[in-house]
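Worksheet: one structure, shown below.
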Ligand code: F6R
């Protein structure tokens, strides 16, 4: 969702801000803007639309900047428009703010400020911030910000600058992330690592309730009580080339092809094949006496949780439940002593997942994060965290994060099985060894991606799809349908195939193709029946099958052949053709694959 950036240093400020905003684009936005200080004067440019429109306008107006701030806005309060785009300013045009989050009490604050004579010009909640700072300003921006944050309620992360105090920046975090990157000559502050990585790996992650105050030659940190605090710098282990497309047409395609590498990175260092051992960077005692597990997540990460449930039941025999975070957080759920609550999230910032985590912690539950973005809120607030090593995921549709989440979930199931004495070492070694070969099998399949492109070319005009799967591949049918709808805007439903007769079979006709996952597993004969039911009603069927399966071809329209593996591990492989199928259909339909309409990469508001 919204992205913020601020820069001071010797480089061309406009260029740095525009490049930075382009790197924030993937978060999702509908308008953008910058404000720069030049020779003591503020210049502000905002547009509804894309960063390239903003760039053109800035170039037309020949704007120069000594330092400045920028913003990508995903509208919450007030329609997407130039007037509602950030940065926002106070009445005198002296204080400028970019903000990420939602100020819950903005209406009350706005009315109070209006009575006090302030003039508001936008429909946003953000505008109360510069006016409140103005209200408190008595010659010291930092003091005014310290007073302002005490009145704000909700999520607010913002950067403020003022023409009265040149070269000074104030950053505030209370909700969405805020990271300050530094090197000898320059400072860059942003809601995301993506704009920072080209400058430095040395960063400060602000925590909720913290303020940072910096200029070219100083950095100070404060809490919301106004006390000076000490913070440690951390070194990021992501590199700038990880956020480049590197010859791929889209980030999504690059990330699909990165899956073998990402999965290897995630599992290799944590497993020892010789000893049949799994090592996490977490004290083994943390996992002692677990009697049930709750997976909590949203979207694709929720689907990973569903697969996790099958892994856990099969491998370590631990009862598990899976909940959408948006539902879970409002349930009157019970926290038992031997429960483990697992929060799965690529970004580590999803508002509902984070709120659920806080609720579980409030009730005294044991919490584990499975997270991709280092130092993100869920990673830091969970009692323990297992990191997926997918690297930055820029495409809005999650791909490599998903398969690496499966990797961690499978290892966790094996780890608990061993700890609970539920698995023989020979079996454990067999699973680890097969998991180690999965990346190679992914590569083998990806080498034939042209076949999926051809299939997509045949099907891209259809308006409705059904995705069917059973058992461990049922969640993959949900994930396949989600991928298709989010990037190609085609209506798609994922279903457990056995549910067809209870309603969805009425949808079958020749205009509604079915994608059926039919691996030779324990439910193979069942899904064959379901495929027959579709086929005999005139429905087209694309079947995802084992590479050596020749019997099914008579009752399906097309087949996608997958390298063979253990039945429980098939989701690692069956998911890839569905990602590619969605990608190539979207490509053919000409949609904005990496930034689909209405979507945001990190859903930091409820
Ligand atoms: C779908 C997708 C979303 C995310 C969901 C959760 O392709 O990317 O459904 O999976 O918004 O995001 P995280 O994993 O960051 O919590």
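Rule-based calculations on the coordinates, nothing more; no lab input. Note that the structure is predicted; figures quoted are calculated from it, not measured. Quick reminder, even Gly has a Cβ in these numbers, built from the backbone with ideal geometry, and neighbours come from all protein chains shown.
Side notes on the structure shown:
- Only helical runs count toward this figure. For the chain, summing -39,500 (n - 2.57) over DSSP H runs of n ≥ 4 and dividing by all residues gives -10500 deg cm²/dmol at 222 nm.
- Modelled label positions at residue 489 and residue 217, each set 7 Å beyond Cα in the direction of Cβ, lie 5.5 nm from each other.
- Panel order for 242, 519, 500, 1, by other beta carbons found within 10 Å of each beta carbon, from fewest to most: 242, 500, 1, 519.
- The chain: angle of helix 474-488 to the longest principal axis, Cα-based, in degrees nearest 10: 50
- Simple spin-label estimate for residue 83 and residue 272 gives 6.7 nm between the two label positions (7 Å along the Cα-to-Cβ direction from each Cα).
- Rel. contact order, % - alpha carbon contacts under 8 angstrom, at least six apart, the chain: 12
- Normalised contact order of segment 245-444, rounded percent, pairs of Cα under 8 Å and 6 or more residues apart: 29
- Shape category assigned to segment 102-210 from the gyration tensor of Cα positions, a/c cut at 1.5: prolate
- Euclidean distance between Cα centres, segment 445-514 to segment 27-91, Å: 41
- Between helix 449-459 and the chain: long-axis angle, C-alpha atoms, 0 to 90°, nearest 10: 90
- Span from the segment 113-139 Cα centroid across to the segment 541-558 one, whole angstrom: 65
- Using a Förster distance of 56 Å, the FRET efficiency for residue 151-residue 317 (Cβ separation, nearest 0.05): 0.60
- Shape of the chain, Cα gyration tensor, a/c cut at 1.5: prolate
- The DSSP beta bridges internal to segment 359-496 are antiparallel in roughly 0% of cases.
- Measuring nothing but how far apart in sequence close Cα pairs (under 8 Å, 6+ apart) lie, relative to its length, segment 3-240 scores a relative contact order of 19 percent.
- Compared with the dominant Cα axis of the chain, that is its longest principal axis, helix 51-60 is turned about 30°.
- Rounded if a/c under 1.5, otherwise prolate or oblate - segment 245-444, Cα gyration tensor axes: oblate
- Taking other Cβ atoms within 10 Å as a rough exposure proxy, 282, 121, 47 sort from fewest to most as 121, 282, 47.
- Over all directions, the projected convex hull of the C-alpha atoms in segment 448-592 averages 7.5 nm² in area.
- Pairwise centroid distance, computed over Cα atoms, of segment 573-606 with segment 183-252, Å: 28
- FRET efficiency, residue 288 to residue 12 (Cβ-Cβ, R0 60 Å, nearest 0.05): 0.60
- Listed from fewest to most Cβ neighbours within 10 Å, the set 62, 599 follows the order 62, 599.
- For segment 245-444, DSSP calls about 10 percent of its internal beta bridges antiparallel.
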